[in-house]
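Below you'll find the structure, written out as structure tokens, and then a few comments.
Taken together, the values in this text are just the output of simple stated rules run on the coordinates, not laboratory data. Nothing here was measured: the structure is a model prediction, and the numbers come from that model. Glycine gets a Cβ as well: all are built from the backbone with ideal geometry, and neighbour counts include every protein chain shown.
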Amino acid sequence: MAQREILTYPDPILKQVSEPVEEINSEVTALIQDMLATMYEAPGIGLAAPQVSELKRVIVLDLDYRAGEERKPIVLVNPEIVSSEGEILFEEACLSVPEYSAEVKRFAKVKVKGLNEKAEEVEIEGEGLLSVALQHEIDHLDGILFVDRLGLVKRDIFKRKFRKSIKNKVEAI
């Protein structure tokens, strides 16, 4: 298990669509282990393969983990939303968009199917935070960041804050 570098906005890899995983082999298993190590170390509650430079349809989540407690990760390979209902506004943040959060409109409840790390088909139903996290990570697989889901005004505010933070970092050098 190796921790990997998390790509940050505006890295172009984050805007690309990931390829389906054809076979869960040792390479994919190693990627999953690396993603879990990276997510826990960050710390975060979810991570998608494109965030660690791998354009593969793999996501990991662990919404309840606290240091020193038992880990209960969710691993999904080739996840897809098969049903959804309702709407929820939820404050989101992202390891690839540090120091920024915003309310995003999502489905209140989703059902997602995919494969686990043992290549077994699984189905997960989630609402609230689990629903939002599943949608957020699946978006990464399609080259979509949560800031892409903001309205024009909020997206413009984010871009201005981002440019200002870059300018401040450059001036500090």
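In a Debye calculation with equal point scatterers on the alpha-carbon sites of segment 109-171 and no solvent, what is log10 I(q)/I(0) at q = 0.15 Å⁻¹?
-0.65
Lysine pairs, Cα distance under 20 Å, 8 or more residues apart or cross-chain: how many in segment 37-139?
Lysine pairs meeting the criterion: 5.
Using a simple spin-label model with points 7 Å from Cα along the Cα→Cβ vector, what separation in nm is obtained for Glu22 and Glu70?
3.8 nm
Find how many whole Å separate the alpha carbon centroid of segment 97-173 from the alpha carbon centroid of segment 4-37.
16 Å
List, largest first, the extents of the alpha carbons of segment 12-172 along their principal axes, each in whole Å.
The principal-axis extents, from largest down, are 49, 37, 35 Å.
What distance in nm separates the simple spin-label points at Leu89 and Arg160, each placed 7 Å from Cα in the Cβ direction?
Output for this residue pair reads 2.0 nm.
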